[in-house]
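Enquirer: First, the structure itself, so that you have it in front of you.
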Amino acid sequence: MDRLVVIGGDAAGMSAASQARKRRGPDELQIVAFERGRATSYSACGIPYWISGAVEREEQLVTRSPEQHRRNHIDVRTRTEVVGIDLAARHVRARDLESGEEYTEPFDDLVYAAGSVPARPPVPGIDAAGVYGVQTLDDGAALRAALTDAVHRVVIVGGGYIGLEVAEACQVRGLAVTVVDRSPTPVGMFDPDIGTFIADAVRGLGIDLVLGDGVTEIATDADGRATAVHTASGRQLAADLVVLGLGVRPNVALAREAGIPLGPSGGIAVDHRMRTEAAGVWAVGDCVESIHRLSGQRVVVALGTHANKQGRVAGINLGGGYATFPGVIGTAITKVCDVEVARTGLSEAEAEAAGYRFVTAAVDSTTRAGYFPGAQPIRVKLVAEKRTGRLLGAQIVGRDDAAKRIDVLATAIWNEMHVEEVLSLDLSYAPPFSPVWDPVLIAARKAQDAVEADFR
Ligand SMILES: Cc1cc2nc3c(=O)[nH]c(=O)nc-3n(C[C@H](O)[C@H](O)[C@H](O)COP(=O)(O)OP(=O)(O)OC[C@H]3O[C@@H](n4cnc5c(N)ncnc54)[C@H](O)[C@@H]3O)c2cc1C
């Protein structure tokens with residue numbers, strides 16, 4: 001019987017395991033999945049909403065528990081960490097985190113799905129009590145338990161989308177929240193003009209945003225507990241609790257040690273069927289690099305949407321089918337309270353780095369007909385290639401479901417549409433849903449004007 005070992009029991013790893021099981025029964029394929037934490041197939045994306053209370057119970061974030069996987073004949077070993085991979089001997093070394101016992105588990109095929117590692121700046125106090133991360137469900141549980149009545153002031157280090165989602169969660173809980181980031185605008189994947197819009201909106205919610213200022217130290221009391229975050233400019237931000245939301249890098253340490261080749265971006269190199277360059281070793285999720293369909297570059301984009309798709313692809317292939325992962329275009333969405341932001345394709349900086357010559361167009365409109373109750377502002381910004389008018393990128397900020405319009409633009413970019421085609425799209429219209437010219441269409445019209453003006 002063939003043996004499949006999976007390292008990492010969340011989105012990517014368990015998607016691969018489940019798809020492989022769907023195609024090959026337990027009499028044909030033995031599947032063992034190792035997970036360091038307590039839970040499998042959980043939504044890390046939902047952690048901020050569990051912290052805020054919008055999601056009430058931890059179990060709601062778990063799509064499939066270890067028991068459910070076991071009933072599906074997947075031998076899940078939770079609280080068990082893989083500590084080594086021996087490609088020549090075809091086995092992994094696993095450590096039971098409860099008993100400390102170590103043993104080897106043989107494999108014919110291996111799926112490496114170890115996710116990502118959160119960034120931790122090398123500043124004094126970073127490991128102090130009262131400093132929390134939000135990477136795994138166990139992290140989320142620890143942070144949630146720490147938010148007792150004694151906590152009033154929270155400082156969040158990092159103004160990326162995870163930092164801002166946690167800021168919202170703490171704000172909703174009635175805490176005084178400060179977010180500190182060394183960049184001049186939050187959520188670095190947006191252009192600075194959209195970032196400024198986000199910053200204003202976040203401040204408007206009562207969240208204190210300290211930008212352009214790096215963290216130099218986390219000060220502690222006599223018991224070693226975090227009490228304040230010190231910054232390069234000399235600020236001392238008092239904190240009962242500190243949360244790190246500084247972004248992530250691919251968790252490739254075990255793979256590197258084993259000799260599984262990495263790509264230029266630092267993620268594991270895989271082909272379109274999610275095979276690594278090591279025979280019988282597959283890699284999926286946050287730890288791999290993907291092809292960006294516009295820049296052609298290999299990039300690491302740590303998002304659950306890709307992790308699930310890549311896991312499915314690897315699982316189908318392992319199960320004897322044929323599936324491919326066609327790459328990414330950088331689509332992402334988030335919100336802070338009622339302020340929503342989304343992006344797809346290339347930002348201005350990314351388009352420049354990829355060697356494109358481009359024009360931009362930004363429009364301010366409303367989410368519904370201007371006269372219709374509930375209409376809210378929306379800004380749509382487009383990046384289009386000079387001469388051809390090909391749509392390269394889009395960013396949206398607004399309220400009232402504004403940001404989900406990004407999917408229309410993502411579909412257009414995916415299909416290599418030009419702004420002239422986008423402006424003619426047969427999109428739906430009725431006053432409760434959009435102005436007669438949807439903001440997406442107005443932005444495309446304006447981008448087309450810019451493309452034409454460039455010809456003159
Ligand atoms: C707070 C937060 C919010 C997010 N919001 C969004 C969102 O809105 N939209 C979106 O698309 N994405 C979002 N993401 C990203 C998304 O959660 C990840 O991209 C996704 O979980 C990646 O899945 P994965 O299986 O590759 O890695 P992970 O989910 O990180 O799973 C990897 C697993 O491997 C385990 N592991 C690692 N090393 C070992 C080892 N040696 N032995 C055993 N087990 C090991 C870890 O414990 C972990 O459970 C968010 C992430 C966070 C943290």
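Enquirer: In the chain, with Lys and Arg counted as +1 and Asp and Glu as -1 at Cβ, which of these residues, Ala302, Thr136, His230, has the Cα nearest the positive end of the dipole, that is, farthest along it?
Expert: Projecting each Cα onto the dipole axis, the largest value belongs to Ala302.
Enquirer: Let me ask something else about it. Using Cα-only point scatterers and the Debye equation, what is log10 of I(q)/I(0) for the stretch 211-296 at each q in 0.23 Å⁻¹, rounded to two decimals?
Expert: For the stretch 211-296, the Cα-only Debye profile gives -1.02.
Enquirer: Rounded to the nearest 0.05, what FRET efficiency do Tyr103 and Glu421 have when you use their Cβ-Cβ distance and R0 = 56 Å? Write out the running numbers ahead of the final one.
Expert: On the way: r = 59 Å, r/R0 = 1.04.
After rounding to 0.05, the efficiency reads 0.45.
Enquirer: Something else: Among bridges DSSP assigns within the stretch 157-295, what percent are antiparallel (round to 5)? Let's see the in-between values first.
Expert: Numbers: 10 of 17 bridges.
If we restrict to bridges inside the stretch 157-295, about 60 percent are antiparallel.
Enquirer: Sticking with this one: Under unit Cβ charges (Lys, Arg +1; Asp, Glu -1), what dipole magnitude, rounded to 20 debye, does the stretch 134-207 have relative to its Cα centre? Intermediate results must be reported in sequence, preceding the final value.
Expert: Working: 5 positive and 9 negative charges, 51 e Å.
It comes to approximately 240 debye.
Enquirer: For an R0 of 45 angstrom, estimate the FRET efficiency from the Cβ-Cβ distance between Val117 and Ala362 and round to the nearest 0.05.
Expert: Efficiency for this residue pair is about 0.80.
Enquirer: Which residues in the stretch 33-60 have a backbone N closer than 11 Å to a point placed 7 Å from the Cα of Arg79 along the Cα-to-Cβ line?
Expert: The answer is 37-39.
Enquirer: For the stretch 143-246, calculate the relative contact order in percent as a whole number, restricting contacts to Cα pairs under 8 Å that are 6 or more residues apart. Don't jump to the answer; show the numbers that get you there.
Expert: Numbers: 195 pairs, mean separation 33.4, N = 104.
Averaging sequence separation for qualifying contacts and normalising by length gives 32 percent for the stretch 143-246.
Enquirer: Can you compute the charge dipole magnitude of the chain about its Cα centre, using +1 on each Lys and Arg Cβ and -1 on each Asp and Glu Cβ, nothing else charged? Give it in debye, rounded to the nearest 20. Working shown, then result.
Expert: Working: 47 positive and 58 negative charges, 141 e Å.
Result for the chain is approximately 680 debye, rounded to the nearest 20.
Enquirer: Kindly report, to the nearest 10 Å², the accessible surface of Ile316 as traced by a 1.4 Å probe over protein heavy atoms only.
Expert: 10 Å²
Enquirer: Hey, what do the phi angles of the stretch 101-113 turn into as Karplus ³J(HN,Hα) couplings, whole Hz, using 6.51/-1.76/1.60 and θ = phi - 60°, x for Gly and Pro?
Expert: My calculation for the stretch 101-113 gives 5, 10, 8, 9, 10, x, 9, 9, 10, 10, 10, 9, 9 Hz in order.
Enquirer: Tell me the carbon and sulfur percent of the accessible area for the stretch 318-415, rounded to whole percent, probe radius 1.4 Å.
Expert: Details: 1930 of 3770 Å².
About 51 percent, which is the carbon plus sulfur part of the accessible surface.
Enquirer: First check a/c for the stretch 289-442, with a ≥ b ≥ c the square roots of the eigenvalues of its C-alpha gyration tensor; if it is under 1.5, answer rounded, and if not, answer prolate when a/b is larger than b/c or oblate otherwise. Don't skip to the answer; put the middle values down first.
Expert: Details: a/c = 2.05, a/b = 1.51, b/c = 1.36.
Prolate is the answer for the stretch 289-442, as a/c is 1.5 or above and a/b outweighs b/c.
Enquirer: Let me ask something else about it. Can you compute the modelled spin-label distance between Gln60 and Arg249, with each label point 7 Å from Cα toward Cβ, in nm?
Expert: Rounded to a tenth, the inter-label distance reads 3.6 nm.
Enquirer: Here's something else I'd like to know. So if I place +1 on the C-beta of Lys and Arg and -1 on the C-beta of Asp and Glu, and nothing else carries charge, what would the dipole magnitude of the stretch 1-96 be about its Cα centre? I want it in debye, nearest 20.
Expert: Dipole about the Cα centre, nearest 20: 200 debye.
Enquirer: Using a Förster distance of 30 angstrom, determine the FRET efficiency expected from the C-beta separation of Ala222 and Arg173, and round it to 0.05. It would help to have the intermediate numbers written out before the result.
Expert: Numbers: r = 28 Å, r/R0 = 0.93.
About 0.60, to the nearest 0.05.
Enquirer: Only helical DSSP H runs with n ≥ 4 go in: add -39500 (n - 2.57) per run for the chain, normalise by residue count and round the 222 nm mean residue ellipticity to 500 deg cm²/dmol.
Expert: After summing the helix terms and dividing by residue count, I get -7500 deg cm²/dmol.
Enquirer: Looking at the chain, what % of the alpha carbon pairs are farther apart than 43 Å?
Expert: So the portion of pairs separated by more than 43 Å is 18 percent.
Enquirer: Heavy-atom accessible area of His73 with all protein chains present, probe 1.4 Å, nearest 10 Å²?
Expert: 110 Å²
Enquirer: Which whole-number value in Å² is the accessible area per residue of the stretch 212-327, probe 1.4 Å?
Expert: Details: 4790 Å² over 116 residues.
It amounts to 41 Å² per residue over the stretch 212-327.
Enquirer: Please identify the DSSP H helices in the chain that span no less than 15 Å along the helix axis (Cα) and have a mean Kyte-Doolittle hydropathy of -0.5 or more.
Expert: 161-172, 192-204, 439-455
Enquirer: When a/c is below 1.5 the answer is rounded, else prolate if a/b is larger than b/c, else oblate, so apply that to the stretch 225-373 with a ≥ b ≥ c taken from the square roots of the Cα gyration tensor eigenvalues.
Expert: Numbers: a/c = 1.94, a/b = 1.28, b/c = 1.52.
In terms of gyration-tensor shape, oblate.
Enquirer: Taking Cα pairs under 8 Å and at least six residues apart, what relative contact order does the chain come out at, in percent?
Expert: 13 percent
Enquirer: Students often check this: by mean Cβ neighbours within 10 Å, which of 288-295, 264-271 ranks highest, and how do the rest follow?
Expert: Highest to lowest by the protection proxy: 288-295, 264-271.
Enquirer: Relative to a virtual label point 7 Å from the Cα of Phe372 in the Cα→beta-carbon direction, which members of the stretch 392-427 show backbone nitrogen distances below 16 Å?
Expert: 399-405, 427
Enquirer: Heavy-atom accessible area of Arg64 with all protein chains present, probe 1.4 Å, nearest 10 Å²?
Expert: Solvent-accessible area, nearest 10 Å²: 90 Å².
Enquirer: Between Ala228 and residues 5 or more places away or on another chain, which pairs have amide H atoms under 5 Å apart, with H built 1.01 Å from N, and which residues are they?
Expert: Distant-sequence amide H within range of Ala228: Ala219, Ala239.
Enquirer: May I pose another question? Label-point separation (nm) for Asp86 and Arg293, each offset 7 Å from Cα along Cα-to-Cβ?
Expert: Using points 7 Å along Cα→Cβ, the separation is 4.4 nm.
Enquirer: In nm, what is the difference between 0.36 nm times the number of residues separating Val436 and Arg93 and their Cα-Cα distance?
Expert: 117.3 nm
Enquirer: Give me the accessible area per residue for the stretch 11-163, probe 1.4 Å, as a whole number in Å².
Expert: Details: 6800 Å² over 153 residues.
That works out to 44 Å² per residue.
The values are calculated or read from the model by the stated rules, or taken from the named source; none is laboratory data. Quick caveat: nothing in here was measured; it's all calculated off a predicted structure. Glycine gets a Cβ as well: all are built from the backbone with ideal geometry, and neighbour counts include every protein chain shown. In case anyone asks, the SASA skips ligands and DNA or RNA and just uses the protein heavy atoms, side chains included. Shrake-Rupley method; radii C 1.70, N 1.55, O 1.52, S 1.80 Å.
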